[in-house]
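Working notes for the structure below.
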Amino acid sequence: MALLPLIIAPDPRLKKLSMPVGKVDARINRLMDDMLETMYAANGIGLAAPQVDELLRVIVVDVSDKNEPPNPIGLANPEVVWADEERILYNEGCLSLPEQYADVVRPKAVRVRYLDRDNRPQEIAGTGLLATVLQHEIDHLEGTLFVDRVSLLKRNMILRRLQKLKKVGEL
Ligand code: NI
């Protein structure tokens, strides 16, 4: 396994559309392992391949509590097949926007279809935090960041702050 460098916003590579995975093979499994290691090292609960400069439809999540055993999940070609009409608000962050947070409203529950590590089709149902994380990561595959789902004012404020930090070499 290996730690992968994270792309920090604003960066045009985070705005690109990711391509579907043809088959979940050893290479994709290695990518998932590296993404999980990178995510855990940064204390994240989700990560999408474009954040580590791979324009592939691959995400990893682990929303287990600190006092629970880890529950890493790797998903290829994840797709929301059902979303609750009820909405929920979370104060979201992102490893590509370090230490920036904003309230985002999303469906409270979703069902996601994907290919697992053995290339088998699966479905996962998530409510609350898991639903939010799954939607946040799938957004990355479309080139959408959580700041694209808040007010223009808030978005510009966060992106300008990151730009400044990058300029002085703090990110
Ligand atoms: Ni993110």
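Bear in mind these aren't lab numbers, they're just calculated from the coordinates by the rules spelled out. Since the structure is predicted, the reported quantities are computational estimates derived from the model, not experimental observations. All Cβ positions, even for glycine, are placed from backbone atoms using ideal geometry, and neighbour counts span all protein chains on display.
Under 5 Å between amide H atoms, partner at least 5 residues away or on a different chain: which partners does Leu4 have, H built in plane at 1.01 Å?
Thr38
Could you work out [θ]222 nm for the chain from helices alone, using -39500 (n - 2.57) per DSSP H run of at least four and dividing by all its residues? Round to the nearest 500 deg cm²/dmol.
The helix-only estimate for the chain comes to -8500 deg cm²/dmol at 222 nm.
Mean separation of Cα pairs under 8 Å and 6+ residues apart, divided by the residue count of the chain: what relative contact order is that in percent? The partial results should precede the final answer.
Working: 325 pairs, mean separation 41.8, N = 171.
Relative contact order of the chain: 24 percent.
Can you tell me which of 64-70, 10-16 comes out highest on packing, and rank the rest after it, using the mean Cβ neighbours within 10 Å?
Top of the packing list down: 10-16, 64-70.
Could you pull out the pairs from Lys16/Lys166; Lys66/Lys167; Lys15/Lys166; Lys15/Lys66 whose alpha carbons sit more than 23 Å apart here?
Lys66/Lys167; Lys15/Lys66
To check my understanding: the extent here is largest minus smallest coordinate of the Cα atoms along each principal axis. What are those three numbers for the stretch 2-102, in Å, largest first?
Between the extreme Cα coordinates on each principal axis of the stretch 2-102 lie 35, 31, 30 Å.
Return the long-range amide H neighbours of Lys108 (sequence gap of 5 or more, or a different chain), with a cut-off of under 5 Å between placed amide H atoms.
Correct list: Asp84, Glu86, Arg87, Ile88.
May I ask for log10 I(q)/I(0) of the chain at q = 0.10 Å⁻¹, from a Debye sum over the Cα atoms as equal point scatterers with solvent left out?
Here the Debye-derived log intensity ratios amount to -0.35.
Could you run the Karplus curve 6.51 cos²θ - 1.76 cosθ + 1.60 with θ = phi - 60° over the stretch 153-161 and give me ³J(HN,Hα) per residue in whole Hz, x for Gly and Pro?
Rounded to whole hertz, the list is 4, 5, 4, 4, 4, 5, 5, 5, 5.
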